[in-house]
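Single-structure report; data block below.
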Amino acid sequence: MLNLVLFGPPGAGKGTQSQKLIEKYQLIHLSTGDLLRSEISNGTTLGLEAKKLMDEGKLVPDEVVIGMINNQLAKNPDVNGFIFDGFPRTVAQAEALDALLQKHNEQIAGMISLEVNEDELEKRLLLRGKDSGRADDANPEIIRKRIAEYQSKTTPVANFYKQQGKLNTVYGIGTIDDIFNKISEVIEKLK
Ligand code: B4P
């Protein structure tokens, strides 16, 4: 299996690039943000709890997202691989993912980290907030909170994969197609 972690701050283009990558490489897209938003729209207890945290720009507890990923791995046994988008977001999640994959004799082939500066992130998310209806995209204060959560809790995840020799960085400003081509070049070397 080809298992990839697509990494980067909120608004870096993870969701956008994932859509193109799953088509090219026939992978299953696992976005914890999308999974949580689907729980919210279905009105589940998990969704109600997650909504409050997400609307404030905070991370949802590790055990909640790890449980969701575990379910998705079990549901998709015979696939080419997965793109993990927005997961892992903490070192505890990264350790849990390694352990889950190991149970299936699988591992992460590489992490692709999209690098985008804070001004550009804020601009993109506010723009999306105009028509996405996402409360966490509508307010500059919440966007800054999400970026701060990323810097304190999520950036150490890059180091986790760097220590395993699996970190690949890609500059994330430019056209969506140019960035996609640069990511594809990295993936060709990982295959
Ligand atoms: P996510 O849904 O993961 O959302 P995100 O960080 O905002 O990134 P996303 O992938 O959607 O945006 P993209 O960069 O593609 O997380 C939302 C919340 O869920 C978190 O704050 C947290 O509360 C919770 N959560 C999720 N996973 C969790 C976990 N593992 N643990 C704990 N909590 C978790 O795109 C952004 C915008 O930029 C789009 O409008 C796009 O069109 C635009 N864009 C993309 N590429 C561009 C380019 N090259 N140029 C210009 N614009 C571009």
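Taking 37 °C and 0.692 mPa s as the conditions, I'd like the Stokes-Einstein D for the chain in µm²/s, using the Kirkwood hydrodynamic radius from alpha carbon pairs. Don't skip to the end; give the middle numbers.
Values: Rh = 16.9 Å.
Roughly 195 µm²/s, to the nearest whole number.
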Practice problem: With a 1.4 Å probe and every protein chain left in place, tell me how much accessible area Asp178 has, in Å² to the nearest 10. | Solution: 90
Quiz item: How much accessible surface area, in Å² rounded to 10, belongs to the heavy atoms of Met1 with a 1.4 Å probe?
Solution: 90
Practice problem: For region 21-142, with all protein chains present and a 1.4 Å probe, just round the carbon and sulfur fraction of the accessible area to a whole percent. | Solution: 48
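Scaled to the compact-protein estimate 2.2 N^0.38 Å, what is the alpha-carbon radius of gyration of region 78-132, rounded to two decimal places? Walk me through the numbers before you get to the answer.
Values: Rg = 15.6 Å, N = 55, 2.2 N^0.38 = 10.1 Å.
That ratio works out to 1.55.
Working out 0.36 nm times the residue gap between Glu185 and Leu48, then minus their Cα-Cα distance, what length gain in nm do you get to one decimal?
On the way: separation 137, 0.36 × 137 = 49.32 nm, distance 4.01 nm.
The span from Glu185 to Leu48 would gain 45.3 nm if fully extended.
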Quiz item: What are the semi-axes of the equivalent ellipsoid for region 8-114, taken as the square roots of 5 times the Cα gyration tensor eigenvalues, largest first, in whole Å?
Solution: 22, 16, 14
Quiz prompt | Residue-level accessible surface for Leu21, protein heavy atoms, 1.4 Å, Å² | solution = 0
Exercise. Kindly sort Arg134, Arg89 by accessible area of their heavy atoms, largest first, with the probe set to 1.4 Å.
Key: Arg89, Arg134
Quiz item: Per the helix-only calculation at 222 nm, which mean residue ellipticity applies to the chain, given -39500 (n - 2.57) for every DSSP H run of n ≥ 4 and division by its residues, nearest 500 deg cm²/dmol?
Solution: -18000 deg cm²/dmol
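The values are calculated or read from the model by the stated rules, or taken from the named source; none is laboratory data. If you're wondering where the values come from, they're calculated on a predicted model, not measured in any experiment. To get the accessible areas, we keep the full protein, side chains included, count just its heavy atoms, and leave off ligands, DNA and RNA. Shrake-Rupley method; radii C 1.70, N 1.55, O 1.52, S 1.80 Å.
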